[in-house]
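All remarks here apply to the structure that follows.
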Amino acid sequence: MNPAVESYPPDVRPPSLPPVHAVKLTVNGTETELQISPWTTLLDALREYMDLTGTKKGCDHGQCGACTVLVNGKRINSCLTLAIMQEGAQITTIEGIAHLENSSSGDQLHPLQKAFIEHDAFQCGYCTPGQICSAVGLMNEGKAKTTADIQELMSGNICRCGAYTNIVDAIEDVMNQKNA
């Protein structure tokens, strides 16, 4: 008998492929049907199945905010939700942020993207997509009124380079423009 091909006792079966399910996700305005395992996180669905790699995998425990996306306009950590739980929701990643403000062509940047550039609110850029998505969600919530509010409400997004002051300045700038 070939040692590479072993026979299994009748009560033991070889492992089978994991089950997959069809899931329809609407991401950045486009509906896509995926065949994924039920335990696939939204983060992995976006990165591995949809090739939307702007959303970053940081800690994979919901502690760093690098994976922040918008679901129905609210910010969430995409590493902490299963993709199948978001069927029917409107998901916006950093790749679709510009479309929120510029529905016509999408060639322009979102005001927060522009402000991050103007205020030099990034260094390595790894956390920037999550920071921007979280800032859009923060503005949608309408709870931030002061610098301290912004700092507190953005505290779930970690920047290892330490660009916090510039990030807060960029968010304040856009908030002030909207309120003017």
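The values are calculated or read from the model by the stated rules, or taken from the named source; none is laboratory data. This one's a predicted model, so the numbers in the text were calculated from it and none came from an experiment. With ideal geometry, Cβ positions are generated from the backbone for all residues, glycine too; neighbour counts draw on all protein chains shown. In case anyone asks, the SASA skips ligands and DNA or RNA and just uses the protein heavy atoms, side chains included. Shrake-Rupley method; radii C 1.70, N 1.55, O 1.52, S 1.80 Å.
Here are some notes:
- Restricting the stretch 138-180 to residues that are out of contact with any helix residue (DSSP H, G or I) (no Cβ under 8 Å at 6 or more places or on another chain) and touching a residue at least 60 places away in the same chain (Cβ under 8 Å), the residue that is nearest to Ala66 (Cα to Cα): Ile158
- Every residue from the stretch 29-45 that is among the β-branched types (Val, Ile, Thr) and open to solvent by less than 10 Å² (accessible area, probe 1.4 Å): Ile36
- Members of the stretch 26-62 found to be at pLDDT 95 or above, among the polar types (S, T, N, Q) and assigned to a loop (DSSP other than H, G, I, E, B), listed by number: Asn28, Thr40, Thr53, Thr55
- Residue within the stretch 71-78 that is in a loop (DSSP other than H, G, I, E, B) and modelled with pLDDT under 95 present: no
- In the stretch 148-157, the residues that are under 16 Å from Val136 (Cα atoms) and open to solvent by less than 100 Å² (accessible area, probe 1.4 Å): Asp149, Ile150, Leu153, Met154, Ser155, Gly156, Asn157
- Residue match in the stretch 120-132 (condition: among the hydroxyl-bearing types (Ser, Thr, Tyr), more than 20 Å from the chain's Cα centre (by Cα) and either under 25 Å from Lys57 (Cβ atoms) or part of a loop (DSSP other than H, G, I, E, B) (or both)): no
- Number of residues in the stretch 170-180 that are modelled with pLDDT of 95 or more and either open to solvent by 60 Å² or more (accessible area, probe 1.4 Å) or out of contact with any His (no Cβ under 6 Å at 6 or more places or on another chain) (or both) equals 5.
- Selection status of Ser16, without any contact (Cβ under 8 Å) to a residue 12 or more places away in the chain and not aliphatic (A, V, I, L, M): yes
Residue-by-condition table, conditions (1) without any contact (Cβ under 8 Å) to a residue 24 or more places away in the chain; (2) closer than 25 Å to Ala45 by Cα; (3) open to solvent by 40 Å² or more (accessible area, probe 1.4 Å):
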| position | (1), (2), (3) |
| --- | --- |
| Gln108 | yes, no, yes |
| Glu118 | no, no, yes |
| Cys124 | no, yes, yes |
| Cys127 | no, yes, no |
| Ile132 | no, yes, no |
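- For the stretch 46-83, filtered to residues that are in contact with a Leu (Cβ under 9 Å, 6 or more places away or on another chain) and more than 28 Å from Ile167 (Cα to Cα), the residue that is surrounded by the most Cβ atoms within 10 Å (Cβ to Cβ) is Ala83.
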